[in-house]
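**Student:** Sharing a structure, written as structure tokens. Questions coming.
The values are calculated or read from the model by the stated rules, or taken from the named source; none is laboratory data. It should be emphasised that the depicted structure is a prediction, and the values quoted were computed from it without experimental measurement. A quick note on method: Cβ atoms are made from the backbone with ideal geometry, for glycine too, and the neighbour counts reach across all protein chains shown. The protein model used for the area step is the full one, side chains on, heavy atoms only, and it has no ligands, DNA or RNA in it. Shrake-Rupley method; radii C 1.70, N 1.55, O 1.52, S 1.80 Å.
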Amino acid sequence: SREGDREKKGAPQPKAVVAAPQKEAPKRSRVNKSQAPEGTKPRILLVDDDDTLRLLVKSRLEKDQSIVIAAADGEEALAKFKANRPDIVISDVFMPKMDGFELCRQIRKIDHTVPIVMLTSMNDVKDRIKGLDAGADDYIVKPFAPKELEARVRSLLRRSEADRGVGGAGGGAGNSAAQQS
């Protein structure tokens with residue numbers, strides 16, 4: 001055979017044709033929010049005195065295309081709320097200087113429409129009721145699934161936007177003239 005002759009005589013072997021490496025198709029996110037202008041990304045005030053948890057939740061929410069304003073205690077959070085007018089607040093209950101229940105009451109004096117989520121290890125019904133009576137819209141017990149928190153945030157933002165008649169994802173509720181006056 002010819003192939004046998006080539007191998008024996010040291011003749012050059014025909015080169016195998018190798019296909020060029022295929023580029024992987026870019027992965028699509030569920031929603032293409034990464035190209036959204038800064039003003040349309042939801043602003044979230046995240047309050048927790050646990051540095052590790054705060055950084056973890058902040059990172060997850062930023063991956064979900066949100067702008068996260070972080071605070072370590074209730075007093076810092078109230079100042080940041082006044083300065084930034086976030087679209088939603090996520091707050092721990094037990095914190096130094098001002099607890100989450102009092103923070104919630106203080107925010108409600110300023111803005112009665114911003115969604116507030118209490119994030120706490122307190123699972124007793126009377127504690128959940130206390131949080132809801134203070135003005136919270138939702139109550140998530142630690143430990144929690146980060147994806148559930150993200151879904152609840154998106155849900156509350158959708159409802160908040162619908163109540164205000166704002167379209168689009170993260171309509172920038174804090175930018176409305178009504179809330180800034």
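**Student:** Please indicate, with yes or no, whether at least one residue in the range 145-153 is outside any helix (DSSP H, G or I), more than 14 Å from residue 44 (Cβ to Cβ) and open to solvent by less than 40 Å² (accessible area, probe 1.4 Å).
**Tutor:** Checked the range 145-153: no residue is outside any helix (DSSP H, G or I), more than 14 Å from residue 44 (Cβ to Cβ) and open to solvent by less than 40 Å² (accessible area, probe 1.4 Å).
**Student:** (1) under 20 Å from the mean Cα position of the chain (by Cα); (2) open to solvent by less than 40 Å² (accessible area, probe 1.4 Å): which one isn't true of residue 103, the others all being true?
**Tutor:** Among (1) under 20 Å from the mean Cα position of the chain (by Cα); (2) open to solvent by less than 40 Å² (accessible area, probe 1.4 Å), residue 103 violates only (1).
**Student:** Spot the failing condition for residue 103; the list is (1) closer than 20 Å to residue 61 by Cβ; (2) outside any helix (DSSP H, G or I), and only one is missed.
**Tutor:** (2)
**Student:** In the range 40-82, which residues are without any contact (Cβ under 8 Å) to a residue 60 or more places away in the chain and either of a type in the set (S, T, N, Q) or in a loop (DSSP other than H, G, I, E, B) (or both)?
**Tutor:** Matches in the range 40-82: 49, 50, 52, 59, 72, 73.
**Student:** When the residues of the range 42-53 are narrowed to those that are open to solvent by 20 Å² or more (accessible area, probe 1.4 Å) and more than 13 Å from residue 100 (Cβ to Cβ), which ends up nearest to the chain's Cα centre (by Cα)?
**Tutor:** 43
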